[in-house]
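The values are calculated or read from the model by the stated rules, or taken from the named source; none is laboratory data. Just so we're clear, the structure is a prediction, and the values are computed from it rather than from any experiment. We place every Cβ from the backbone using ideal geometry, glycine too, and count neighbours over all the protein chains shown. Ligands, DNA and RNA are stripped out before the accessible areas are found, and what is left, the full protein with its side chains, is counted by its heavy atoms. Shrake-Rupley method; radii C 1.70, N 1.55, O 1.52, S 1.80 Å.
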Amino acid sequence: MASRTMSDMSSPVEFLELLAREAAAVEFEGPLVAARAGGASAERLAELEQAKVVALRVRALLGRRRRREVELSGLYDTASDLAGLRDVDAVLRAIAHRARHLLGTDVSYMTLNDEARGDTYMRVTDGSISARFQRLRLPMGAGLGGLVAQTGTPYATANYPEDERFQHTGEIDAGVTEEGLVAILGVPLRLGSTVIGVLFAANRSARPFAPEEVALLVSLAAHAAVALDTARLLVETRAALAELSSANATIQAHSASVERAAAAHDRMTSLVLRGGGVEDVAAAITDVLGGALLALDADGRRLARVGEIDEPDRSAIVEAVAASRAEGRSVRRGSLWYAAVVAGAENLGALVLRPDHELVDADQRILERGSLVTALLLLFRRTVAEAEGRVRGELLDDLIARPVRDIESLRGRARRLGVDLDAPHVLVAVGDEAVAGSGSARQRVASWATTYAWTRGGLAAARDGRVVLMLPGQDAGGAARAVVRDLSRVTGRPVTAGASGPSSGPSSLAREFREADRCLTALAALGRRGQGASTGELGFVGLLLGAVGEAGDRDVARFLTGTVGPVVDYDARRGTALVKTLEAYFGVGGSLARAAELLHVHVNTVTQRLDRVGQLLGSDWQKPERALEVQLALRLHRLSAPTDH
């Protein structure tokens, strides 16, 4: 009796206490040791051993969570640095320092590609002690860094000096040896599809790099690329503003028309500084020059209109904008003046002015400066939209991709974006045909989805090759059809969308997404590509889809097993096509000849297969009642089968 009392002193609760005080892993053996010393029974020891294993798993999970929090904090700090970017070198040094700290390496450094010389050079280092290493230049394809810069692919090695995958050169190996580096990880710095440099984390002793470490360094590299691109945009913006100021100073020394230009430049400069829009630029130009003005985007869609002016023919716009770009000036066509809105080689749109009087050279300059300011504002708007689109996409992905754990945190993130997660929303899943094609086509669809959702107070994200939208409202079917209609115009081809909802809070969004995804699969299975619908609109099939996703799984499975299960199992064991033959047979109204033609086999083959079906299902399978059940089961089997997307 005393022995049992001693063994009861150790309990699974002790492992919770160890977790609470963040004890070392070795301390988790304490309760077991105490129990053995107290003469605990084998059952009691097994119970404690199981509790210890679970507690250690929880401890490891908490450790990973803490590490992830540190990584996310580092990425957040980096994003904060970018938001207040003043000194690009300071931001790059901070990124290199965080890479070294978060990955726990001895050294981190960054190289940038030199297009003029065709190699890559050291830009920032952290933890480096070798002056020779800090002055290294790597030929494209040479060494680990040169290979990353050339291919745009991350590379890692646990022991660089002995790794024969890389092209070793005397200069690179000497610098690496002087620095004492052994393990090296390099990831590309990308701006779109262009590699502009490489971010490295390196150790002075051999060590492997885990996939999550590679992913973290890739994220930091993305921030570094944004810092460099933002710095470039700031330089271009300052140069443009300096040009505007210089033009203003010159114009103020001229005639009344020059004074008008000066006032216009001052006004448009103010618009840039206070974050005005294209509509403000159009109003400023017409206030100074009079008349009416149209601002168009690169696709000829109207951005703003001031005054009465008809939109020119599309072909006339294309010709005039091309001429304006070629001449670098505004051009006249009839009673209209055109000024191309460009950024480098990229066409962003055009300003079309119908003046009340003849334009002098200074007036043309006003219109041209207006196009320059419009280009700047459009670039700013696109940068902001892309950043916000990423934030919105990440929030939606968190809501639908995994179980919702910290609902309040998600609510807070949504409130900052102007989204109320507790209001009813519908989830719309768009078929992968919408994003098929080139990278620019995919980007265009993603940009459209972000803008479409944002203007309606919702969210959008790209997931598994598909586009997903979360839109306020309760009419899931109507939302799906609206998305199909508008997106089909953008892509120029039919798209399919399945929808579900309304939601009942953030915890239900993942379920609604899965149902919308099933609805999309059902539309394809029903031959309704190019349409939009909700699960509730699919009739009996919709009810079956809902059952597949909820507690009705077992009932549906029993129905399938009892109706066509022997045929499905036979196909799985023998590699035959009985299910496909049944679908073809029912699909052509029971005609053996037409089924054979559809399956590209002989009529006798169809007959033999249907005889086998009769042996498996019973001779009455073609009677009306049984035939209806078999057809419904085949349809449900097709809808609930795993897909590749």
Determine the share of the stretch 105-256's accessible area contributed by carbon and sulfur atoms, expressed in whole percent, with a 1.4 angstrom probe. 54 percent
For residue 621, what accessible surface area do you get with a 1.4 Å probe? Give it in Å², rounded to 10. 10 Å²
Using only protein heavy atoms and a 1.4 Å probe, report how much of residue 357 is accessible, in Å² to the nearest 10. 80 Å²
Part-to-part distance (alpha-carbon centres) for the stretch 140-154 and the stretch 449-476, which is given in Å: 38 Å
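So how do 507, 500 rank on accessible area, 1.4 Å probe, biggest first, that is with the largest at the start?
On the way: 507 75, 500 5 Å².
Solvent-accessible surface, decreasing: 507, 500.
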Total formal charge among the other residues, if their Cβ is under 12 angstrom from that of residue 576, Lys/Arg +1 and Asp/Glu -1: +3
Run the 1.4 Å probe and let me know the accessible area of residue 422, rounded to the nearest 10 Å². 80 Å²
Quick one: plug the Kirkwood hydrodynamic radius of the stretch 97-256 (C-alpha pairs) into Stokes-Einstein at 20 °C, 1.002 mPa s, and report D in µm²/s. 127 µm²/s
Would you kindly derive the ³J(HN,Hα) couplings of the stretch 126-140 from the backbone phi angles with the Karplus curve 6.51 cos²θ - 1.76 cosθ + 1.60 (θ = phi - 60°), listing them in order in whole Hz, with x for Gly and Pro? 9, x, 6, 10, 9, 5, 5, 5, 5, 9, 5, 10, 10, x, 4
Once the Cβ-Cβ distance between residue 327 and residue 408 is put in as r, and R0 is 45 Å, what FRET efficiency do you end up with, to the nearest 0.05? 0.15
